[in-house]
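Quick notes on the structure that follows.
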Amino acid sequence: MDIPMTCHQLTPRTVFFTSLLLLSSLTLRGSLIAQDQLKVNSRDGFPTESFQVSCEGTYPHHLQGVCIGGTSIYWSFTTTLVKTDQQGKLLKKIPVANHHGDLCFRDGKIYVAVNLGKFNDPNGNADSWVYVYDAESLDELARHETQEVFHGAGGIGHHNGHFYVVGGLPDSLGENYVYEYDDQFHFVKKHVIASGHTHLGIQTATFAHDRWWFGCYGSPAITLVTDADFQMKGRHELNCSLGIEGLADGRLLVASGRCDKEKGCSGKLQPARPSESKGFQIQE
């Protein structure tokens, strides 16, 4: 018959493997707790530490803007509207008219600034619109004329129930313009930003953390920051001209992209923290 082993009869080998098993169990438990804590702290579904989201696929034209809606990310690649999950996995894409610019999410719909005419023409000749898509299916729902956007609609943001459209700028002008519309896209007001000249105007716009963020092209690229009334708070040599979006935890998502003549154009997102003195800092 088997004789039970008492504590003083445990061999060194048994003690070693028992300790190893206990240590492995504690390590696994700690890892699971850390993962659970990460999920709790990710109010938008994104990790709290540094991360990167690469949009699956490549596209004929470059990235114009991004927005977040629910658990999805929406990417505007000029002639392709793309929907991915929060890891960048492709869920749906559709061809769209050239030029689809920056976009925003509101109440289950995607709103995209569209110009079918010329950009940056001192005499106008733009053909500015906002196209509306269902966020779930990407089916087109409506088109709203925004012809007040004289130099071409290129970006859009939403704040306090109204939409704000930005766009192109001729070389001769030393200020930027924001065109305000109500929720039915009736024109409300043209706002002036005393920003100085920015190359080709403003490309991207979002209202986040009590201020407006505007991305502009240039060498170097420029980020404009204003208060809710478009009074300047900062002009920074930072690039968010391919997309910027706010997160509920106080951070921003900043887009970047590359184009290759043979492979096409790609896009990615990284988190950033707002900074009063520097505009924002990419979270490394």
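The values are calculated or read from the model by the stated rules, or taken from the named source; none is laboratory data. The shown structure was predicted, so the numbers you read here are calculated from the model rather than taken from an experiment. Every residue, glycine among them, receives a Cβ derived from its backbone with ideal geometry; neighbour counts consider all protein chains shown.
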### Task
With the condition kept exactly as written, say whether any residue in segment 262-273 is free of Cβ contacts under 8 Å to residues at least 60 places away in the same chain and among the hydroxyl-bearing types (Ser, Thr, Tyr).
no
### Summary
Filtering segment 220-239 down to residues that are farther than 24 Å from Gly161 by Cα and either touching a Ser or Thr at 6+ places or on another chain (Cβ under 6 Å) or free of Cβ contacts under 8 Å to residues at least 12 places away in the same chain (or both) yields Ala221, Ile222, His236, Leu238
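Table: residues versus (1) closer than 28 Å to Ala272 by Cβ; (2) of a type in the set (Gly, Ala, Ser); (3) modelled with pLDDT of 95 or more.
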{"site": "Asp139", "(1), (2), (3)": "no, no, yes"}
{"site": "Glu175", "(1), (2), (3)": "yes, no, yes"}
{"site": "Val188", "(1), (2), (3)": "no, no, yes"}
{"site": "Gly196", "(1), (2), (3)": "yes, yes, yes"}
{"site": "Gly234", "(1), (2), (3)": "yes, yes, yes"}
### Query
If you check every pair at least six apart or on different chains, which have Cβ atoms under 7 Å apart with a residue in segment 125-142 that is under 14 Å from Cys67 (Cβ atoms) first and a residue that is in a loop (DSSP other than H, G, I, E, B) second?
Val130/Thr146; Val130/Phe185; Tyr133/Asp139; Ala135/Gly108
### Query
Among the residues of segment 154-199, how many are surrounded by 18 or more Cβ atoms within 10 Å (Cβ to Cβ) and among the polar types (S, T, N, Q)?
3
### Message
Looking at the structure I just gave you, is Asp183 more than 21 Å from Gly279 (Cβ to Cβ) and not small (Gly, Ala, Ser)?
### Response
yes
### strands (runs of 3 or more DSSP E) (entirely within segment 216-283) containing at least 2 residues that are β-branched (Val, Ile, Thr) and in contact with a strand residue (DSSP E or B) (Cβ under 9 Å, 6 or more places away or on another chain)
222-226
#### Entry: Residues of segment 117-139 classified as exposed (fewer than 15 other Cβ atoms within 10 Å of the Cβ) and assigned to a strand (DSSP E or B), total
1
